[in-house]
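Let me begin by presenting the structure, written as structure tokens, before commenting on it.
No lab work stands behind these numbers, since they all come straight from the coordinates. Fair warning: this is a prediction, and the values are worked out from it, not measured in the lab. Counting neighbours? That spans all protein chains shown, and the Cβs are built from the backbone with ideal geometry, glycine included.
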Amino acid sequence: MPKIIKIVFVVLSVILVSALILACATVYKGGSDDESSVPPQSVSPSVDDSSEAPSSEAPSVDDSSEEPSSEEPSVDDSSEEPSSEEPSEDDSSEEPTPPVFDGSTDPITPPPTGITANENDAFFNDSLFVGHSVMVHFKNYVTNWRKDYDGLLGNAIFGCSSSFSFYNNIHQTPTQADSVLPKYQGQGYKIEDLVSVTGVKTVYVGLMGLNDLGMVGKPDTCASLVADEVKQCLELIKEKNPDVNIVVLSSTYLVRGINYPKLNNKNMSQLNSYILDYCNEQGIDFVDVATPLIDGGGYLAGVYCSDNYCHLKQNAYYVWMDVLRDYAAKKQSGTWQNPASIPLFNN
């Protein structure tokens, strides 16, 4: 009998222990469920919670409508000063793509359709433009445009004569009867003296190969000799007017079919190249107003020529204005660079 009681006691003990273990497991599970009823802390919102209003101090990265904070700029803030050794990819001072000469008669620069006022015109205040007949026509157009657009090309003045040349500038005097020296207030002057008497701050010297190339040397030497005359003139301007800024404008070209032994586009382009090299050596600005007017064969494009020879239509001077204003914009932004070279032609 006592043995039976002992067995029953053991069985009951096992059952009791099992029940206790089961109860503990149930309590543990229930505590885990109760935790879900606790609300999340409002000070720690979800990272990707799109319902939260963006902070006005930290604008969205792609929010183009919001002013960027001047106090907390982003890491890639474009206001950071770029390194002078590593210019940005969109640096406007980058050398422009050279024109493609495919032999066609189409102009490499499409003709503009008109002229308007421009904020860069004031850059040309206190300037003097000198040259021959191509510059005379530019003066006439500018004078006419100023009737509608006061201040076009600033208050720039002109000193030009149809038969003028650097050869004449050297060999003629203002008092001789056949002098073609440009006049100011009824008096003729050499270029270097005209700069002095007008008191301008900048002189734009147009190359005059159309008149000069036929006056000196031989076909294979005239471009070099004219270049020497141009250099002499530029040096005299600087000697007599040490504070003046000198800018050289390239000599424009001839249309197809015009090819004299000395006066031709081969020698004209060589003259431009000689003076460009000189300007680059001397730190003188050289503005190429000639290349934008040529066609795919290197000739003055017919659409820009007024006489089937060398003189320019009004739309060609629209191009000049675009080129000059581009020069003004780049000078003011500190990004102007002379061309490294100019196209050379064989005809």
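Observations
- Test result for residue 263, crowded, with 20+ Cβ neighbours inside 10 Å, in contact with a Gly (Cβ under 7 Å, 6 or more places away or on another chain) and on the phi < 0 side of the Ramachandran plot: yes
- Among the residues making up segment 159-186, those that are of a type in the set (A, V, I, L, M, F, W, C) and surrounded by 14 or more Cβ atoms within 10 Å (Cβ to Cβ) are 160, 164, 166, 180, 181.
- Among the residues of segment 278-329, the ones that are under 21 Å from residue 105 (Cβ atoms) and in a strand (DSSP E or B) come to 5 in all.
- Spans of helices (runs of 4 or more DSSP H) in segment 116-233 with at least 2 residues among the basic types (Lys, Arg) and touching a residue at least 40 places away in the same chain (Cβ under 8 Å): none
- Pairs linking a residue in segment 301-328 that is acidic (Asp, Glu) to a residue that is surrounded by 18 or more Cβ atoms within 10 Å (Cβ to Cβ), with Cβ atoms under 7 Å and 6 or more positions apart or on different chains, do not occur.
- Filter pass, residue 275 being part of a loop (DSSP other than H, G, I, E, B), aliphatic (A, V, I, L, M) and touching a residue at least 40 places away in the same chain (Cβ under 8 Å): no
- For segment 116-158, filtered to residues that are aromatic (Phe, Trp, Tyr) and farther than 15 Å from residue 316 by Cβ, the residue that is surrounded by the most Cβ atoms within 10 Å (Cβ to Cβ) is 129.
- Residue under evaluation residue 196, criteria (1) among the small types (Gly, Ala, Ser); (2) crowded, with 21+ Cβ neighbours inside 10 Å; (3) under 29 Å from residue 155 (Cα atoms), criterion not met: (2)
- Residues in segment 211-260 that are among the hydroxyl-bearing types (Ser, Thr, Tyr) and buried (at least 17 other Cβ atoms within 10 Å of the Cβ): 250, 251, 252, 253.
- Yes/no for residue 218 being closer than 11 Å to residue 130 by Cα and of a type outside the set (Val, Ile, Thr): no
- Of the residues making up segment 237-266, just one is part of a loop (DSSP other than H, G, I, E, B) and of a type in the set (Asp, Glu), namely 243.
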